[in-house]
1. Find all pairs meeting these conditions: Cβ atoms under 7 angstrom apart; at least six residues apart or on different chains; first residue within segment 128-148 and more than 14 Å from Asn161 (Cβ to Cβ); second residue part of a helix (DSSP H, G or I) and of a type in the set (Gly, Ala, Ser).
2. Filter segment 241-284 down to the residues that are closer than 25 Å to Glu197 by Cα and part of a helix (DSSP H, G or I), then identify the one that is most open to solvent (accessible area, probe 1.4 Å).
3. May I ask you to list the residues in segment 48-66 that are buried (at least 21 other Cβ atoms within 10 Å of the Cβ) and not polar (S, T, N, Q)?
4. When segment 75-118 is examined, which residues are found to be touching a residue at least 40 places away in the same chain (Cβ under 8 Å), closer than 20 Å to Ser65 by Cα, out of contact with any Ser or Thr (no Cβ under 8 Å at 6 or more places or on another chain) and part of a helix (DSSP H, G or I)?
5. May I ask you to say which residue of Thr11, Thr37 is open to solvent by 40 Å² or more (accessible area, probe 1.4 Å) and among the hydroxyl-bearing types (Ser, Thr, Tyr)?
6. Taking the condition of being open to solvent by less than 60 Å² (accessible area, probe 1.4 Å), under 27 Å from Asp177 (Cβ atoms) and free of Cβ contacts under 8 Å to residues at least 60 places away in the same chain, how many residues in segment 205-239 meet it?
7. Are there any pairs, at least 6 apart or on different chains, whose C-beta atoms fall under 7 Å, with the first in segment 241-269 and within 19 Å of Gly45 (Cα to Cα) and the second of a type in the set (A, V, I, L, M) and open to solvent by 40 Å² or more (accessible area, probe 1.4 Å), and if so, which?
Amino acid sequence: MEQADLHIHTTASDGTVPPEDIGRLARGAGLSVAAVTDHDDLTGGIEAAAHAPEGIRVLHGVELSAIARIPCHLVAYGYDPAHSAMAEIMEDLRRRRIRKTKIRVRNLADNDGIILTPREEEWLFSQNSPGRGHIADILVKRGLVDSVPEAFVHYLNHHHNPVSPAVSRIEAEKACDAVRRAGGIIGWAHPLGGEGEEHLSPEAFGEQLDALLQAGIRSLECYYARYSEEEIDFLTTAAGQHDLLISGGSDYHGTKKPDIHLGMLNAVSKPVPMERLTILDALL
């Protein structure tokens, strides 16, 4: 049975595997198709696709920090990475990420008395897509926490270390328009909630879906490593009702999420036939 994983992160954002190694690892995991979707960064996907080994198709993608009615993540594929519309939103998102990360660094100092050294700050802001994951790496190296997830829980959660969505995210309509102009397909990533996030109720999901449909999404990430079969059934039903393409991915981050492996598209690690990801018909 051929399988695909369309949600993978690399060292170009907050993963631990270099982009050029993704194709080899994905092939070893038995995948036929893989897609790199680094946070607010196109370079990892381009590099991974360029180094795809024989026997596997590696697609480039991107996960965008957006806001419609509430904050969300959008994932895009099939766009022209050299298109000016993509360059514009990537530059906007990079400025926002830098500003957001500076606020988080200040919050750590003000709320917890944790002051980064000049060398730590230099490393942090040298990253392609600086964010919470990189700050968490620093806290782990200092021995303040044992893992990145622990750093998120104790120091970098949205309540203890808040950053206004207006600072850190672009409007979903703007993201959808840019990807459409660049010839791509954009959809809602982990629509019931991502890693460490409280899952949306059916009512809240419906309200947010309506807002994103108006913004212009064309797909829904129905298969996801943290979702139960019941949640996946709920999402695939919603996709069918709104004529949305179905995507799916593990949200693989390497050793930062050691319990999530490549190709894991549900909470019980049950294999998912590639044909269930209808977005592939439009991408391959």
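The values are calculated or read from the model by the stated rules, or taken from the named source; none is laboratory data. Source: prediction; values computed, not measured. Every residue, glycine as well, gets a Cβ built from its backbone with ideal geometry; the counts of neighbours run over all protein chains shown. These area figures cover heavy atoms from the full protein model, side chains too; ligands, DNA and RNA do not enter into them. Shrake-Rupley method; radii C 1.70, N 1.55, O 1.52, S 1.80 Å.
1. Taking only residues 6 or more apart or on different chains, the pairs are Val140/Ala151; Val148/Gly133; Val148/Ala136.
2. In this case the residue turns out to be Thr255.
3. Ala48, Val58, Leu59, His60, Gly61, Val62, Glu63, Leu64, Ala66, listed by residue number.
4. Selection gives Ala85, Met86, Glu88, Ile89, Met90, Asp92, Ile103, Arg104.
5. Checking each option against the conditions leaves just Thr11.
6. Adding up the residues that qualify gives 12.
7. From residues that are within 19 Å of Gly45 (Cα to Cα), the pairs are His261/Ala29; Leu262/Leu25; Leu262/Ala29; Gly263/Ala29.
Here's the yes/no breakdown for (1) at pLDDT 95 or above; (2) farther than 18 Å from Ala109 by Cα; (3) polar (S, T, N, Q):
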{"site": "Ser147", "(1), (2), (3)": "no, yes, yes"}
{"site": "Phe152", "(1), (2), (3)": "no, no, no"}
{"site": "His159", "(1), (2), (3)": "no, no, no"}
{"site": "Glu171", "(1), (2), (3)": "yes, yes, no"}
{"site": "Ala175", "(1), (2), (3)": "yes, yes, no"}
{"site": "Leu192", "(1), (2), (3)": "yes, yes, no"}
{"site": "Gly196", "(1), (2), (3)": "no, yes, no"}
{"site": "Ala204", "(1), (2), (3)": "yes, yes, no"}
